[in-house]
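Encoded as structure tokens, the structure appears first; notes follow it.
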């Protein structure tokens with residue numbers, strides 16, 4: 001039994017071995033068949049071709065140098081409305097609200113005028129009273145002058161009577177009592193004249209007092225009239241209400257702010273220019289001239305494309321110590337233009353400003369990415385690479401301006417060229433192919 005089992009195991013192992021051998025033989029046969037059926041590959045000779053590049057032709061052009069800066073729009077003329085007299089507000093213009101449009105001469109605010117009107121009337125009464133007093137004094141002066149004339153006549157008569165009585169007394173035709181009465185009458189006439197003259201001499205001082213009283217009455221009237229006028233606050237220009245701090249019916253005191261208004265169509269932008277950029281615009285400040293500028297809304301896609309004209313209005317008095325920049329103010333020339341009838345330029349708008357500087361001629365304006373390290377440009381000269389060192393006058397955004405190192409008509413490589421070597425052979429792509 002054990003012998004028979006060993007024989008079966010040996011036979012089974014032999015059969016498996018035969019199957020493996022058969023599979024290997026078939027696989028080797030198929031491999032030889034496939035190799036015999038494979039065609040011999042064609043042999044091609046490798047032809048070395050120079051790298052192809054795209055080029056642009058160097059062409060000198062005039063270039064307007066601009067200086068860009070950012071700033072915030074502000075009103076050129078901003079007036080804070082405050083009262084000068086106390087009282088209760090009895091009228092406010094319907095458009096006296098934030099964003100309201102006000103026309104020149106419009107009554108913005110009115111304080112209750114009744115007490116101020118009464119003070120003005122009282123001033124008029126004092127003026128009339130002072131004028132009446134002066135007129136009465138003038139009449140008194142005229143009367144005193146007439147009294148002096150009459151007193152002089154009375155003195156002359158008393159003097160003649162005294163002389164007559166003296167003559168009669170000397171001839172013993174008149175008594176001593178008659179002489180005494182005549183002398184007394186003559187003395188009384190002289191005293192009366194002196195009293196009138198004394199009263200007349202005082203009239204100059206009285207007239208000065210009356211004139212001073214009249215002048216003071218006029219001053220009081222003008223003060224009352226001015227106070228009455230100050231109860232009304234009117235707009236001095238066409239403008240827009242920026243803010244409002246009071247309502248009708250409120251009691252206000254002198255100096256209290258009621259709101260603010262800025263002049264319509266008068267907007268400025270304060271910008272700061274780095275000192276190294278001033279060389280592009282400083283020549284335009286000669287003979288009192290100032291450069292023009294363009295203003296556009298920054299960070300606002302819906303109005304980014306619209307440009308407002310502007311002009312440099314003035315340069316500030318000193319350089320900013322922290323940023324080492326020169327502050328200047330741009331005056332916007334057309335701020336009232338609307339965009340799509342919705343947006344107009346308003347105070348607080350963040351804007352981008354481009355100041356138009358001098359024009360430089362015969363320069364080359366190229367993309368900045370063409371410039372290699374050490375200010376090198378790749379050019380093609382008779383189908384060979386030539387590395388040219390150039391002088392970059394200015395780098396601005398994605399452009400660069402070259403003033404030396406290039407000649408008109410030179411071919412500048414604008415496509416990538418890895419492994420570039422001076423003098424390597426190149427081919428130029430035609431029509432971008």
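Results, tabulated for the structure shown:
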| quantity | calculated |
| --- | --- |
| From the options 53, 25, residue that is closer than 30 Å to residue 413 by Cβ and either loosely packed, with under 10 Cβ neighbours inside 10 Å or at pLDDT 70 or above (or both) | 53 |
| Residues within the range 317-332 that are within 16 Å of the chain's Cα centre (by Cα) and more than 17 Å from residue 285 (Cα to Cα), tallied | 1 |
| Residue within the range 395-408 that is more than 26 Å from residue 281 (Cβ to Cβ) and loosely packed, with under 15 Cβ neighbours inside 10 Å present | yes |
| Selected residue [surrounded by fewer than 19 Cβ atoms within 10 Å (Cβ to Cβ), assigned by TED's automatic domain parsing to the domain that holds residue 137 and farther than 30 Å from residue 89 by Cβ] from 223, 197, 210 | 197 |
| Residue in the range 88-110 that is touching a helix residue (DSSP H, G or I) at 6+ places or on another chain (Cβ under 8 Å) and either loosely packed, with under 14 Cβ neighbours inside 10 Å or touching a residue at least 12 places away in the same chain (Cβ under 8 Å) (or both) present | no |
| Sole exception among (1) outside any strand (DSSP E or B); (2) surrounded by 13 or more Cβ atoms within 10 Å (Cβ to Cβ); (3) over 14 Å from the mean Cα position of the chain (by Cα) for residue 286, by number | (2) |
| Pick from the range 235-282, criterion more than 21 Å from residue 348 (Cβ to Cβ), assigned by TED's automatic domain parsing to the domain that holds residue 68 and surrounded by fewer than 16 Cβ atoms within 10 Å (Cβ to Cβ), ranking: nearest to the chain's Cα centre (by Cα) | 274 |
| Residue match in the range 365-378 (condition: touching a strand residue (DSSP E or B) at 6+ places or on another chain (Cβ under 6 Å), surrounded by 17 or more Cβ atoms within 10 Å (Cβ to Cβ) and more than 28 Å from residue 276 (Cβ to Cβ)) | yes |
| Residue 172 without any contact (Cβ under 8 Å) to a residue 24 or more places away in the chain and assigned to a helix (DSSP H, G or I) | no |
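Matching residues to (1) surrounded by 14 or more Cβ atoms within 10 Å (Cβ to Cβ); (2) at pLDDT below 90:
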residue	(1), (2)
294	yes, no
297	yes, yes
312	yes, no
342	no, yes
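Residues checked against (1) under 30 Å from residue 97 (Cβ atoms); (2) within 48 Å of the chain's Cα centre (by Cα):
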| site | (1), (2) |
| --- | --- |
| 111 | yes, yes |
| 114 | yes, yes |
| 119 | no, yes |
| 128 | no, no |
| 140 | no, no |
| 165 | no, no |
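The values are calculated or read from the model by the stated rules, or taken from the named source; none is laboratory data. Remember, predicted model here, so these are calculated numbers, not experimental data. Counting neighbours? That spans all protein chains shown, and the Cβs are built from the backbone with ideal geometry, glycine included.
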